[in-house]
Amino acid sequence: MFSPTVHTRFIALLGNPLGHSISPPMHNRVFEKLGMDYCYLPIEVTAEDLGTIFAAMKKMNFAGCNVTIPHKLAIMAHLDELDDLAETIGAVNTVRFQNGRSKGFNTDGEGFIRSLQEESGITPKGHRFLLFGCGGATRAIAMTLAAHGAERVMLCNRTEAKAEALAEEINRRVRPCAASIACKGKAQLTAAGEADILVNTTSIGMHPNEDVMPFPEACIEARHIVADIVYNPWMTKLLSTAEERGAKAVHGLGMLVWQGAAAFKIFTGREADVAAMKEEVAKLRKG
């Protein structure tokens, strides 16, 4: 059994809720396998307490933290500096503590692209994407898709003004390829008809609300690739519906593994054992 000492380096996962997360066992499995004196801890944090908890961590033996829903934007106000990609994206999911300073990174977009390529065999270049959502993960994925040459990045969100603002930002800061889509029946269907890949970047369909979908099944065609960043359950209602309609499903666990591997290197300076990460999430997946 692992016994921390005064020399143990800690890494936190900050978010709320975290009961569904399998990041702690995934990272701890690799630390154990590589014989590293590190421990990864889930810490549920409210928006009101985020600054206090984060400031305390900087004074303790933490190597860094991952940041998840709903703090990927709010955490930026507490950082000393930002990686260039994170600054472009405007959201942070990984923070490194070094010499008393904090630096924010974003590995979500690259993690999504690695997963998409591994599970479907395609890269973003020349493809048309329809993303549902407009949170921190959406920003990371959309910005990274644009940077990797996606032909079109369409954004569909219940608050249309947020999607419009993000599309404008992508066009201005990365390259002109983004557009906002009205979150209504006909507009959604038209956009889906133009897209090659449909992506849920929201938490809709996550345990315990497994019976809901982020968009109507009529949007899904057999030619589509349908990706979901939700990984608990492993087979979301969106993905099972996609497979029933003949589409290719891309599961959220792949993105979890690859963004985690990138974060692992930021925290420790070492390459992650991706195979061990995959073995762990395969054991823990639900559905």
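Every number in this text was worked out from the coordinates using simple rules, so none of it is lab data. As the structure is a prediction and not an experimental result, all values here were calculated from the model. All Cβ positions, even for glycine, are placed from backbone atoms using ideal geometry, and neighbour counts span all protein chains on display.
Could you tell me the center-to-center distance, by alpha carbons, between region 52-85 and region 240-287 in angstrom? So the two Cα centres are separated by 23 Å. Sorted fewest first by neighbouring Cβ atoms within 10 angstrom, GLU169, GLU32 come out as GLU32, GLU169.
Quick one: of the DSSP bridges fully inside region 109-250, what percent are antiparallel, nearest 5?
On the way: 1 of 21 bridges.
Here the antiparallel bridges make up roughly 5 percent for region 109-250.
Let me have the relative contact order for the chain, percent, based on Cα pairs under 8 Å that are six or more residues apart.
Details: 596 pairs, mean separation 46.0, N = 287.
Computed value for the chain: 16 percent relative contact order.
Can you tally the net charge around ASN106? Count Lys and Arg as +1, Asp and Glu as -1, for every other residue whose Cβ sits under 11 Å from the Cβ of ASN106. Let's see the in-between values first.
Details: positive: LYS72, ARG139; negative: ASP83, ASP84, GLU87, ASP108, GLU110.
Summing Lys and Arg as +1 and Asp and Glu as -1 gives -3.
Taking 0.36 nm per residue of sequence separation and removing the Cα-Cα distance, the SER3/ALA218 pair yields an extension gain of 72.2 nm.
What is the sum of charges, Lys and Arg at +1 and Asp and Glu at -1, for the other residues whose Cβ falls under 11 Å from the Cβ of ALA249? Can you show the working numbers first?
Details: positive: ARG245, LYS248; negative: GLU119, ASP228, GLU243, GLU244.
It works out to a net charge of -2.
Residues of region 113-157 falling in the label zone of LYS265, defined by backbone nitrogen less than 17 Å from a point 7 Å along Cα to beta-carbon, are 113-118. Listing HIS71, HIS148, HIS7 from fewest to most neighbouring C-beta atoms within 10 Å gives HIS7, HIS148, HIS71.
Mean silhouette area of region 11-130, derived from the convex hull of its C-alpha atoms and averaged over all directions, reads 9.1 nm². If both residues of a DSSP beta bridge must be in the chain, then about 20% of such bridges are antiparallel.
Note on region 109-250: with charges restricted to the Cβ of Lys and Arg (+1) and Asp and Glu (-1), its dipole about the Cα centre is near 440 debye.
Principal axis analysis of the Cα atoms in region 109-250 yields extents of 37, 31, 26 Å, listed in decreasing size.
When the pairs LYS58/LYS278; LYS33/LYS283; LYS59/LYS265; LYS125/LYS184; LYS33/LYS265; LYS162/LYS237 are compared against a 24 Å limit on Cα-Cα distance, LYS58/LYS278; LYS125/LYS184; LYS162/LYS237 fall above it.
For region 134-187, what is one quarter of the convex hull surface built on the Cα atoms, given in nm²?
Numbers: hull surface 13.5 nm².
Average projection, Cα convex hull of region 134-187: 3.4 nm².
Subtracting the Cα-Cα distance of ARG158 and ASP37 from their residue separation scaled by 0.36 nm leaves 39.1 nm.
When a/c is below 1.5 the answer is rounded, else prolate if a/b is larger than b/c, else oblate, so apply that to region 65-176 with a ≥ b ≥ c taken from the square roots of the Cα gyration tensor eigenvalues. Verdict is prolate for region 65-176. Springs between alpha-carbon pairs under 10 angstrom, Gaussian network model over the chain: which of THR201, THR236, THR52 fluctuates most? The residue with the greatest mean-square fluctuation here is THR52.
Between 0 and 90 degrees, the angle of helix 23-33 with respect to the longest Cα principal axis of the chain falls at about 50 degrees. Sorted ascending by nearby beta carbons within 10 Å, beginning with the fewest, ARG139, ARG96 become ARG96, ARG139. Relative to the current alpha-carbon distance between ARG128 and THR52, full extension at 0.36 nm per residue lengthens the span by 23.2 nm.
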